[in-house]
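Here is the structure we will look at, set down as structure tokens.
The values are calculated or read from the model by the stated rules, or taken from the named source; none is laboratory data. Owing to the predicted nature of the structure, the values given are computational and were not obtained by experimental measurement. Here the Cβ positions follow ideal geometry from the backbone for every residue, glycine too, while neighbour counts run over all protein chains shown.
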Amino acid sequence: MTTAISRIGASVLVCLALAGAIGQAEANQTASQFLTSFRARDARSVSFLVGLTEGFGWANAQLRASNQRMLFCAPRDVGFTPLQHADILAAYLRRQPRRSDVDVGLVMLAALAEQFPCR
């Protein structure tokens with residue numbers, strides 16, 4: 001069990017590191033700050049969101065290949081746009097407003113896990 005937890009933790013850290021490589025300012029934003037810049041059509045925010053969600057996808061691929069529980073279980077045959085991911089984040093924050101001041105990467109992961117639970 002400890003190995004599985006450490007693999008999941010390592011996968012999440014890789015995702016956050018990939019996202020942080022796109023822009024340090026975006027990586028340090030809260031979820032509400034991020035949505036504000038995304039809605040203003042800030043190109044860095046779009047790139048950040050693409051990198052973040054792609055990183056989560058790669059982490060899930062590694063977890064699946066290792067027969068570990070994935071972070072979330074989105075349909076494999078559906079591609080999501082940055083706008084759709086931002087909508088998932090915004091909807092999550094409407095349900096969980098206290099999370100709006102939490103790091104955007106952590107909140108996005110929670111939003112995806114809630115939207116696409118693994119059963």
Task: Hits in the stretch 4-41 - residues which are of a type outside the set (Lys, Arg), modelled with pLDDT of 60 or more, crowded, with 16+ Cβ neighbours inside 10 Å and more than 23 Å from ARG98 (Cα to Cα) - done: ILE8, SER11
Open item on the list: Name the residue that is surrounded by the most Cβ atoms within 10 Å (Cβ to Cβ), counting only residues in the stretch 60-72 that are outside any helix (DSSP H, G or I) and within 12 Å of the chain's Cα centre (by Cα).
Closed with: LEU71
Open item on the list: If I go through the stretch 73-119 residue by residue, how many of them are under 10 Å from ALA31 (Cβ atoms) and not in a helix (DSSP H, G or I)?
Closed with: 3
Task: Considering residues of the stretch 50-59 that are among the aliphatic types (A, V, I, L, M) and closer than 16 Å to LEU71 by Cβ only, the residue surrounded by the fewest Cβ atoms within 10 Å (Cβ to Cβ) - done: ALA59
TODO: Taking the options VAL104, VAL50, name whichever one is touching a strand residue (DSSP E or B) at 6+ places or on another chain (Cβ under 8 Å) and not basic (Lys, Arg).
DONE: VAL104
TODO: Quickly run through the stretch 80-102 and pick out the residues that are closer than 15 Å to PHE38 by Cα and either of a type in the set (S, T, N, Q) or touching a residue at least 60 places away in the same chain (Cβ under 8 Å) (or both).
DONE: THR81, GLN84, LEU93, SER100
